[in-house]
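So the structure is just underneath, and the comments pick up after that.
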Amino acid sequence: TSVERIAGGGDSDFLRHVLVAKDTWSKSLQEVRMPITQAGLEFKDRVLRVDEIKRASALLDEHNAWLNENNALLAPPANPADADKMILSFAGIGRNATLITYRVLSAAIEDGKVTEESLDFALDAEIYPNRVRRGPGYVHSQDQRDALRDALSARIAKHKARIAECDSATNPMPS
């Protein structure tokens with residue numbers, strides 16, 4: 001087993017590695033390469049703030065993009081279904097749950113399934129079943145839910161602005 005450091009981005013808040021190990025469960029002893037993006041985000045509080053939620057999600061996007069660009073390097077090929085994985089904090093599941101919920105609902109926003117009007121319902125529909133499955137610490141505080149809601153509201157506003165911009169470009173107003 002070894003870890004290779006891969007040059008990654010100019011940002012100082014993450015490192016990229018590839019963990020190289022032999023699969024001792026199979027008789028072939030095939031080499032397995034697992035990409036790791038180590039986020040060095042310094043949290044000042046137990047609750048993720050809007051900018052921290054956005055940065056953690058952006059780091060995960062960069063990790064997934066790197067996986068797609070370097071799939072040949074990762075023999076055997078990475079499973080795209082497993083790509084969106086990241087441990088944000090080892091202190092508990094609250095921060096990880098916040099990032100998971102943000103990414104699930106961000107995808108729903110991009111698909112037009114979640115709007116400002118349906119956001120609270122969508123948050124509850126995502127959080128409560130996961131509390132049952134993963135435990136009561138899943139986005140457990142009102143402060144964390146509020147920060148998550150603020151980050152998703154900003155995402156909705158950005159999505160609406162992008163749609164309006166596309167609409168005005170394809171259907172300009174007559175002068």
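Kindly establish whether Ala164 is in a helix (DSSP H, G or I) and either open to solvent by 30 Å² or more (accessible area, probe 1.4 Å) or more than 17 Å from Arg46 (Cβ to Cβ) (or both). In short, yes.
In segment 129-156, the qualifying residues are those that are more than 21 Å from Glu52 (Cα to Cα) and within 18 Å of the chain's Cα centre (by Cα), and the one that is least open to solvent (accessible area, probe 1.4 Å) is Asn130. What is the one condition in (1) closer than 23 Å to Pro35 by Cα; (2) out of contact with any Asp or Glu (no Cβ under 8 Å at 6 or more places or on another chain); (3) surrounded by 15 or more Cβ atoms within 10 Å (Cβ to Cβ); (4) at pLDDT below 90 that Tyr102 does not satisfy? It is condition (4) that Tyr102 fails.
When segment 105-114 is filtered for residues that are assigned to a helix (DSSP H, G or I) and open to solvent by 40 Å² or more (accessible area, probe 1.4 Å), the ones remaining, listed by number, are Ala107, Glu110. Within the set Glu126, Glu117, the sole residue that is touching a helix residue (DSSP H, G or I) at 6+ places or on another chain (Cβ under 9 Å) and open to solvent by 10 Å² or more (accessible area, probe 1.4 Å) turns out to be Glu126. Are any residues in segment 101-157 free of Cβ contacts under 8 Å to residues at least 12 places away in the same chain and aromatic (Phe, Trp, Tyr), and if so, which ones? Once the filter is applied, which keeps residues that are free of Cβ contacts under 8 Å to residues at least 12 places away in the same chain and aromatic (Phe, Trp, Tyr), segment 101-157 yields Phe121, Tyr128.
The values are calculated or read from the model by the stated rules, or taken from the named source; none is laboratory data. Predicted model only: the values in this text are computed from it and were never measured. All Cβ positions, glycine included, derive from the backbone under ideal geometry; neighbour counts span all protein chains shown. What goes into the accessible areas is simple: the full protein's heavy atoms, side chains included, and nothing from ligands, DNA or RNA. Shrake-Rupley method; radii C 1.70, N 1.55, O 1.52, S 1.80 Å.
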